[in-house]
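The values are calculated or read from the model by the stated rules, or taken from the named source; none is laboratory data. Everything numeric here is computed off the predicted structure, so don't read it as measured data. Every residue, glycine among them, receives a Cβ derived from its backbone with ideal geometry; neighbour counts consider all protein chains shown. Heads up: the accessible areas ignore ligands, DNA and RNA and are worked out on the full protein's heavy atoms, side chains in. Shrake-Rupley method; radii C 1.70, N 1.55, O 1.52, S 1.80 Å.
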Amino acid sequence: MKYGITTRILHSDHVTGVEHGAVHKPMHTSAAYTQGSARDLAAVFKGDQSGYVYARQGNPTGAALEAKINLLEEARATACFSTGMAAIAAALVSLLRSGDHIVSSAFLFGNTNSLFQTLQAMGVEVSFVDSTDVKQVAAAVRPTTRIVFVETIANPRTQISDLAGIGALCAEKQLLYVVDNTLTTPVLLRGRDVQAGLVVHALTKGIGGHGNSMGGSVSDTGLFDWSKYSNILPAYKKGDAANWGILQIRKKGLRDFGATLRAEDAHRIAVGAETLVLRLARACDNALQLAQWLEKQPQIARVYYPGLKSHPQHQRAADLFKGSFGTLLSFELRDGFDCFDFLDALKLVIVSSHLSDTRTLAIPVAHTIYWEMGAERRKEMGIVDGLVRLSVGIEDLTDLQFDFTQALGQFKA
Ligand SMILES: *Cc1c(COP(=O)(O)O)cnc(C)c1O
């Protein structure tokens, strides 16, 4: 019998036998590791034997978390990194070369957008397209295209890419499909279900869930044929081609770039992951109820949430996300209502940039996280000055509604 996902996460450490009978994997903080003999150490270095040599390349606590993310994504292999951005950068920088082309969703997490500008400065070409429409993705593909990159629920306007359609396109054209699954987590969607080759997560967000640690991950679903990928270095083209991609990402991202997840953070994220299903159920329910309620408030012009019937990709989200719609929503106040005044009137909700925390957070996106990209790019992304983004937590719903009622009450409708 195959256990359910929460059961598997809770029991994944101890079933493999933890030191001293501990039921959690302990925090291994040693920087250096020794093996039984010098020959064994050499074998680990060569990759002929598994083991640890130096913590920059990984430690047992991180490996236990990697096993959990792997379970969640039903992936082939997972590598963890110090942050979500480190994971994305490790994957893209290690797999792209000058002259390569990537097709990306135009609706992106701001720092990923900025990373793509760095890649452009290094000679990688990037086409930003409206990925809610697979035809636009298909039209942007060139002979030099290596990667298609999308997020599951776009931040902050919650557009839902044609995730399955793009997966089919990438499979047909043998393109590496990279899906940032942070906003949905494997509870709402597994990357493999839409034929992703690589799935990335900001573990800092939903999987860790408590806003007390940072981390990121890259999972290889096993669906992409690495023997056809042009940028694998000769050193990593050994043995089964299925291992090549994640090996190169690991070697470059961890060993060379040093974007290593600390054992303390791996431990906290692993503990957070134990309650992922429970937290998401509550937070997604809160988000749906709040979105429906906010849509009826006269001070609010527009609410963006995939769970609303008014959302252009509502049906797609319902088909893909197992009946839940995530914890992110955003809304525009009616003209004449100042978003700063509104945010400052909130007493319970915290004004902060984080996402998928247990606590509800709100932020004026155009003035903060999307400020640096400039007015023109914001316009393309549909981010108006009065847009407020909400990351809904697990508080008691009535308390959240009370806070929004009193904050909106400051404005005469
Ligand atoms: C937060 C976030 C990231 C980056 O993660 P960090 O851990 O903050 O570096 C990447 N993608 C998405 C969709 C995010 O929300």
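Observations, loosely collected:
- The chain - charge dipole about Cα centre, Lys and Arg +1 at Cβ, Asp and Glu -1, debye rounded to 20: 900 debye
- When DSSP beta bridges are restricted to pairs lying wholly in the chain, around 55% turn out antiparallel.
- Extension gain for the segment S353 to K322, taken as residue separation times 0.36 nm less the Cα-Cα distance, is 8.4 nm to one decimal.
- Of all accessible heavy-atom area on the chain, the percent that carbon and sulfur account for (1.4 Å): 53 percent
- Against the chain, whose longest principal axis is taken from its Cα atoms, helix 84-95 shows a tilt of about 50°.
- A straight line joining the Cα centroids of the stretch 282-307 and the stretch 138-208 runs 25 Å.
- Förster-model FRET efficiency, 45 Å R0, H24 and A301, C-beta, rounded to 0.05: 0.40
- Springs between Cα atoms under 10 Å define the GNM used for the chain, and in it the highest mean-square fluctuation of D100, D396, D240 occurs at D240.
- Length gained when the stretch A138-Q117 is fully extended (0.36 nm per residue, less Cα-Cα span): 5.4 nm
- Efficiency of FRET between E380 and F340 - r from beta-carbon atoms, R0 30 angstrom, step 0.05: 0.80
- Amide H contacts of Q49 (H built 1.01 Å from N, in plane; Pro and chain starts excluded): V44 sit under 5 Å, all sequence-distant by 5 or more or on other chains.
- With the largest listed first and rounded to whole Å, the semi-axes of the equivalent ellipsoid of the stretch 276-408 from the Cα gyration tensor are 22, 18, 15.
- Taking all protein chains as shown and a probe of 1.4 angstrom, Y54 keeps an accessible surface of around 110 Å².
- Extension gain, A171 to W371, is 68.4 nm, computed as 0.36 nm per intervening residue step minus the present C-alpha separation.
- In this simple spin-label approximation, Q289 and H14 carry label points 7 Å from Cα along the Cα→Cβ vector, and these lie 3.4 nm apart.
- Residue of V53, V150, V392 that the Gaussian network model of the chain assigns the largest fluctuation, springs spanning Cα pairs under 10 Å: V53
- Amide hydrogen neighbours beyond the local backbone of V126, cut-off 5 Å, H modeled: I102
- In nm, spacing of pseudo-spin labels at S37 and K228 (7 Å Cα→C-beta vector): 4.5 nm
- Rounded accessible area per residue of the chain, 1.4 Å, Å²: 42 Å²
- Taking only the C-alpha atoms of the chain, the Rg (one decimal) and the largest Cα-Cα distance, Dmax (whole number), read 21.7, 77 Å.
- Label-point separation in nm, V271 to A235, each point 7 Å along Cα→Cβ: 3.7 nm
- Cα gyration tensor shape of the stretch 338-413, rounded if a/c is under 1.5, else prolate or oblate by comparing a/b with b/c: oblate
- The DSSP beta bridges internal to the stretch 140-217 are antiparallel in roughly 20% of cases.
- If only the Cβ of Lys and Arg carry +1 and only the Cβ of Asp and Glu carry -1, the dipole of the stretch 79-183 around its Cα centre is close to 160 debye.
- The stretch 53-124 and the stretch 319-395 have Cα centres spaced 25 Å apart.
- Fluctuation leader among G208, G36, G191 - the chain, Gaussian network, Cα springs under 10 angstrom: G36
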